[in-house]
Amino acid sequence: MGNREDLLAGARRCLEEKGYARTTVRDIASAAEVSMAAIGYHFGSREALLNQALFAAMDDWAAGSGRLAGQGGTAAERYADTWDRKIRDFLDMRWLWIANIEAFVHAQSSPELLAALAEGQRRSRRMVAAHLAGVSEEAVTDEDVRALGSVHLALLSGVMVQALTDPGQAPTGAELTQGLRRMVELLEEPAPTDG
């Protein structure tokens, strides 16, 4: 590997061990066994390097176990299985999700990072909505992207925080599926009448 690849690998190790906020230039250079100046030369800044390492880790996750469950069973069973796998990922890859939260907090004072995170959310909404609707990303409607995709991402963030905060009480995939069904029932109930 060259210095650039060594730095990305070192930054990922630092994210795993120290998190986003506590990782220093010295930490990354030491982990990569290169000079601190190499970070500026190849990436411009510590933040740019950490962002690239974090986004690469997220892409790795999405390409592997992060996808929605595929064939077999009913749609509800596949959806519940998807959530069970995501919740396991939250716990097995705790470092990745905490680094994401730290990056989100940092992004509030970093317009470049905020824009990159927002773009990632837009792509994720479309991918999830297409999968849930059973169509290609090109064929998914904007309405489904905004509705299905946004609801799924909202659930993802909320379930992630619950799993990281209190793993023993985090909902299961079956409970999430049951909760969504119950929510639909409540939304379909007629309005109470005064009388």
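The values are calculated or read from the model by the stated rules, or taken from the named source; none is laboratory data. Computed from a predicted model, the values in this text were never measured in an experiment. Please note: Cβ atoms are built from the backbone with ideal geometry, for glycine as well, and neighbour counts cover all protein chains shown. All accessible areas refer to the heavy atoms of the entire protein, side chains included, with ligands and DNA or RNA removed. Shrake-Rupley method; radii C 1.70, N 1.55, O 1.52, S 1.80 Å.
Descriptive notes on the structure:
- Residues of segment 1-43 that turn out to be over 22 Å from Phe104 (Cβ atoms) and among the hydroxyl-bearing types (Ser, Thr, Tyr), as a count: 3
- Within segment 23-45, the residues that satisfy the criterion of being farther than 12 Å from Gly10 by Cβ, in a helix (DSSP H, G or I) and open to solvent by 50 Å² or more (accessible area, probe 1.4 Å) are Ala37, Tyr41.
- Matching entry among Leu114, Leu91, Leu50 (being buried (at least 18 other Cβ atoms within 10 Å of the Cβ) and assigned to a helix (DSSP H, G or I)): Leu50
- One residue stands out among those in segment 10-22 that are assigned to a loop (DSSP other than H, G, I, E, B) and in contact (Cβ under 8 Å) with a residue 12 or more places away in the chain: the one that is most open to solvent (accessible area, probe 1.4 Å), which is Ala21.
- Every pair of residues 6+ apart whose Cβ atoms lie under 6 Å, when the first sits in segment 152-169 and is over 10 Å from Ile87 (Cα atoms) while the second is open to solvent by less than 20 Å² (accessible area, probe 1.4 Å): His152/Val128
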